[in-house]
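A.B. asks: My questions all concern the structure below.
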Amino acid sequence: MGKERKVRAYTNIALIKYWGKKDETLFLPMNSSLSLTLDSFYTETAVRFDGSLERDEFWLNDVQQEEKAVQKISRVLDLFRETAGITEPAYVTSTNFVPTAAGLASSASGLAALAGAANLASGLHLDKRTLSTYARRGSGSATRSIYGGFVEWQMGTNNDDSYAVKIDDADWDIGMVTVIVNSKEKAVSSRAGMKNTVLTSPFYPSWLESTAKDLTEIKSAIREQDFQKLGEITESNGMKMHATVLGATPPFSYWEPDSIVAMHMVRELRQQGIPCYFTMDAGPNVKVLCRLSDSQKIQSYLTTYFSPEKVIISGPGKDIEDITNEGVYHD
Ligand SMILES: O=C(O)C[C@@](O)(CF)CCOP(=O)(O)OP(=O)(O)O
């Protein structure tokens, strides 16, 4: 029986969205994307390869998972088994410190933590760039959760050159306030949503063109630490992604009435002189990019309408962490 290894990975929120695959098997994206890793939402996953097991076993938040969820993690574990020449099944336990599948990119932290723990338990100890190509095969957005701060997922052209790189530690008064409009499982998954949009939305080709330009500009905004430019591009890119969704067949939207209330409140905050910008993913929740030093003010304004436990402040998250020997003092 192999040694159990435990890893923490933080979720990330895309500022330049990944929306559409070029290759559904290898999870190669149609465009490069860029995200901010958050410190308030993360997943802790432990992996142990164990020959006494019949098959892979997966426990999520102390609940043993059914076949479909097991298959999703087995596909990632198989990559490590193949590379390391391991044939044993694995015992996997995961705890999400994020409302699972609530449009809070829980798959990002979940699959990144799984890849990180399998990387150590298999003895491969792949470097982070290579590890991000393994995480990608579990879920595209997981590619970026290997690193903290601002992270770019370079689309690449094949399995080995589609990986994440850290752009910046985002340690210059950057924060994000998440408004949980609805933490229920969403009706249309990001996987299904992006697939249908690529296939049917007439707005998709112009999305691709404009998102490449947004990425170039947002990277210079980060280099210049120009927060207003960073925020304006973030808000615009997220809205354009949702516009492609509105143009799909059948047309659909991830927004709920309170999503629009949150967006209006962000605009009101901006009129009051607080620089903050919203972005949304494949769900109704609204993420507000802001100065960390303004996040309390923003939270108290939003809680004049939303209940406090639904408005969560995050600072920039860190790279994936080995927490196997919890409690052991790490200098
Ligand atoms: O995170 C972003 O860039 C934007 C989104 O969150 C949606 F707005 C997409 C996330 O897609 P994901 O769940 O990674 O899909 P998978 O590869 O089919 O597992």
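The values are calculated or read from the model by the stated rules, or taken from the named source; none is laboratory data. Quick caveat, the model's predicted, so the values are computed rather than measured. Cβ coordinates were reconstructed from backbone atoms using ideal geometry, including for glycine residues, and neighbour counts include every protein chain displayed. All accessible areas refer to the heavy atoms of the entire protein, side chains included, with ligands and DNA or RNA removed. Shrake-Rupley method; radii C 1.70, N 1.55, O 1.52, S 1.80 Å.
A.B. asks: Over the chain, one equal point on each Cα, no solvent: what is log10 I(q)/I(0) by the Debye formula at q = 0.11, 0.12, 0.14 Å⁻¹?
C.D. replies: Normalising to I(0) and taking log10 leaves -0.67, -0.80, -1.08.
A.B. asks: Amide H of VAL286 versus every other amide H placed in the peptide plane: which residues, excluding those fewer than 5 positions away on the same chain, fall under 5 Å?
C.D. replies: Close amide H contacts, sequence-distant or interchain: VAL179, VAL181.
A.B. asks: From Cα pairs below 8 angstrom and at least 6 apart in sequence, can you work out the relative contact order of the chain, rounded to a whole percent?
C.D. replies: On the way: 753 pairs, mean separation 80.4, N = 331.
Once normalised by length, the contact order is 24 percent.
A.B. asks: Next question, about the same structure. Return, ordered by residue number, the residues of the range 121-156 whose backbone nitrogen is under 11 Å from a label point located 7 Å along Cα→Cβ of SER189.
C.D. replies: In the range 121-156, the label zone of SER189 (backbone N under 11 Å from the point 7 Å along Cα→Cβ) covers 139.
A.B. asks: Now for a separate question. What number, in percent, do you get for the relative contact order of the range 174-314 if the mean sequence gap of Cα pairs under 8 Å and at least 6 apart is divided by its residue count? Walk me through the numbers before you get to the answer.
C.D. replies: Working: 187 pairs, mean separation 59.6, N = 141.
After rounding, I find 42 percent.
A.B. asks: Not counting the cut sites, what is the longest span of the chain without GluC sites (Glu not before Pro) that DSSP labels loop and that have at most 12 other Cβ atoms within 10 Å?
C.D. replies: Values: sites that count: GLU24, GLU54, GLU66, GLU185, GLU224, GLU326.
The reported range is 67-184.
A.B. asks: Measuring from label point to label point, each 7 Å out along Cα→Cβ, what is the GLN272 to ASN325 span in nm?
C.D. replies: 4.9
A.B. asks: Suppose a student asked you for the relative contact order of the range 1-62, using Cα pairs under 8 Å spaced at least 6 residues apart; what percent would you report? Intermediate results must be reported in sequence, preceding the final value.
C.D. replies: Numbers: 85 pairs, mean separation 27.3, N = 62.
Dividing the mean separation by the residue count of the range 1-62 yields 44 percent.
A.B. asks: Can you tell me the FRET efficiency between ASN61 and GLU224 if r is taken as the Cβ-Cβ distance and R0 is 45 Å, rounded to the nearest 0.05?
C.D. replies: Details: r = 42 Å, r/R0 = 0.92.
Plugging the Cβ-Cβ distance into 1/(1 + (r/R0)^6) gives 0.60.
A.B. asks: For a quick check of understanding: with a 1.4 angstrom probe and all protein chains in place, what accessible area in square angstrom does HIS264 have, to the nearest ten?
C.D. replies: About 100 Å², rounded to the nearest 10.
A.B. asks: Separate question: What FRET efficiency comes out for ARG75 versus ASP161 if R0 is 25 angstrom and r is the Cβ-Cβ distance? Round to the nearest 0.05. Kindly include the intermediate steps, with their values, before the conclusion.
C.D. replies: Details: r = 21 Å, r/R0 = 0.82.
It comes out at approximately 0.75.
A.B. asks: Tell me the mean residue ellipticity at 222 nm calculated for the chain from its helices only (DSSP H runs of n ≥ 4, each -39500 (n - 2.57), averaged over every residue, nearest 500).
C.D. replies: After summing the helix terms and dividing by the residues of the chain, the value is -11500 deg cm²/dmol.
A.B. asks: Tell me, what ³J(HN,Hα) does each residue in the range 243-251 have, in order and in whole Hz, if you take phi through Karplus 6.51 cos²θ - 1.76 cosθ + 1.60 with θ = phi - 60° and put x for Gly and Pro?
C.D. replies: 3J(HN,Hα) across the range 243-251, in whole Hz: 5, 5, 5, 5, x, 6, 10, x, x.
A.B. asks: Under the rule of at least 5 residues apart or a separate chain, name every residue whose amide H is placed under 5 Å from the amide H of THR11.
C.D. replies: Residues meeting the amide H criterion: LEU38, PHE41, TYR42, THR43.
A.B. asks: Say the dipole of the chain comes from +1 at the beta carbon of Lys and Arg and -1 at that of Asp and Glu; which of LEU126, LEU114, TRP19 then lies farthest toward its positive end?
C.D. replies: After comparing all options, I get TRP19.
A.B. asks: Can I ask one more? Which cross-chain or sequence-distant (5 or more) residues have an amide H under 5 Å from the amide H of LYS22, H modelled 1.01 Å from N in plane?
C.D. replies: Result for LYS22 returns LEU28, MET30.
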